[in-house]
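Computed from the coordinates by the stated procedures, all read-outs in this text should not be read as laboratory data. From a predicted model like this one, the values you see are computed outputs, not experimental measurements. Cβ placement follows ideal geometry from the backbone for every residue including glycine, while neighbour counts extend to all protein chains displayed.
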Amino acid sequence: MFTKKTVHDIDVKNKTIVLRAMLNVPIKDGKVGDKMRLKAALPTINYLISQGAKIVMISHHSHEGQSLEPVAGALSELVGRPVAFASDCIEEVALAAVKALPSGGLLMLENLRFHPEEEANDEEFARTLASYGDIYVNDDFTTCHRSHASLVGIPKFIPAVAGLEVEEEVNTITSSIDNPKRPLVAIAGGAKISTKVPIISFLLDKVDVLFVGGAMANTFLLAKGLEVGNSLVELDQVETAKQIIKSAEEKGKTLLLPIDVVVTTDVKEALNVRVLLAGDVGIDDIIADLGPMSVLQLNEVIKPEGSVIWNGPIGIAEQKEFANGTEMVAEEIISSGAFSIVGGGDTADYVDGAGLADKFGFVSTGGGASLELMSGNTLPGIAALLDK
Ligand code: 3PG
């Protein structure tokens, strides 16, 4: 249950809203690429417009020096109305643009991170941003794990509520973990155990089955005493992997590791690509993907009445020779009929890029934020909002 107030719990009629919006989108050659995040922003924006509110959007872009101006154009096309743009988020230029906003009008201010005060959570900076409106709405789930001025500072000055995307993200992710359809299968991929320990440890208590793939699985194979050749491993995490294997046994959870793998002797050139049993990897081999038998294990454990949480690519998904494992995992999840949640930036980008996003129950827009939430942590950007 989402315990914070949302735009539906506060009177936004004809008010000026400071909207922390999810505008950190891929931009190449001045053009916005994937629009998944902008589409997810529409329900809140359209609701605020329908209430005659004036909307002042503030956001960041992760790439240093990247202007948000191209995002204003892309959003305008999606909303079907003009989105004014101000070349700074503070100073006279921002103030004048806020004053000029008509009712139902949209304004986007320039990248907050052009000012170091944003990431430093500077109080005066937050006060200035808050002064633009009557109500603050946070609809940027992707950044809720950051304690920046636009997330935790502004709520000190004006009433602060969640947008509909934030509500849906938090509700869907937390309820799928706390009150899951069983069996609950978690599929953890990605390269590093070190970044996934919190999520694996937390989920191990909640899930029925944990499936480990991605380069991270190599360290588990090593922990089981298997040869991994020249594969990517984290030697300092072998003990952690052993502990996770032991803890799964003690908790009576099924931990699935690769049975077979795709190896190569040169990832870039994709030389000597073969499928081997996990126990047959040679000293010159590099594990680059999961084999079909490994993925078939999912077929046994994912049930149509159950659910799946998937976080992290399974092989080197960006290289076609080693994308099979990730494709097969996606296919297993989709065809199982189980309720599925996809989280983590790379995994969401993969399913979206493959045109599969609408085949999953829910695709989280968040990378770091969904990882934190799936690890059972409180997100500061959510904690800062008014309770229901
Ligand atoms: C994201 O894309 O994960 C968020 O928008 C946060 O961006 P950041 O990692 O630059 O803080």
* **Cross-link reach list, aspartates and glutamates versus K320, counting only Cα pairs under 12 Å and skipping chain neighbours closer than eight places** => E269, D289
* Asked: Using alpha carbon centroids, what distance separates the stretch 209-276 and the stretch 96-159, in Å?
  -> 44
* Using modelled amide H (1.01 Å from N, peptide plane; none on Pro or chain starts), what sits under 5 Å from the amide H of D266, excluding residues fewer than 5 places away? -> L271
* To do: For the stretch 180-374, just the Cα set please: Rg and Dmax, both in angstrom.
  => 15.4, 43
* To do: Please give, to one decimal in nm, the separation of the simple spin-label points placed at E239 and L78, each 7 Å out from Cα toward the Cβ.
  => 4.6
* Looking only at A96, A288, A126, which one moves most when the chain is put into a Gaussian network model with springs between Cα atoms under 10 Å? -> A96
* By average Cβ neighbour count within 10 Å, what is the ranking of 328-337, 115-124 from highest down? -> 328-337, 115-124
* Structure fact -> Residue span E64 to D122: 0.36 nm per residue of separation minus Cα-Cα distance leaves a gain in nm of 19.0 nm
* Taking a threshold of 32 Å on the Cα-Cα distance, which of the pairs K28/K206; K54/K388; K35/K181; K15/K388; K224/K359 fall above it? -> K28/K206; K224/K359
* Asked: Can you list residues whose amide H is under 5 Å from V363's amide H, if they're 5+ apart or on another chain and H is modeled 1.01 Å from N?
  -> V342
* Shape box of the stretch 43-135 [Cα atoms, principal axes, largest first, Å] -> 35, 27, 23
* Structure fact -> Any residue on another chain or 5+ positions along whose placed amide H is under 5 Å from the amide H of I27 is listed here as G33
* To do: Taking the convex hull of the Cα atoms, report for the chain its projected area averaged over all directions, in nm².
  => 19.2
* Can you give the relative contact order of the chain as a percent, counting alpha carbon pairs under 8 Å and 6+ residues apart? -> 17
* To do: Write out the GluC sites (Glu not before Pro) in the stretch 204-277 meeting two conditions: DSSP loop, and at most 14 other Cβ atoms within 10 Å of their Cβ.
  => E227, E269
* To do: Quick one: Debye curve from the alpha-carbon atoms of the stretch 243-353 only, equal weights, vacuum; give me log10 I(q)/I(0) at q = 0.19, 0.24 Å⁻¹ to two decimals.
  => -1.07, -1.32
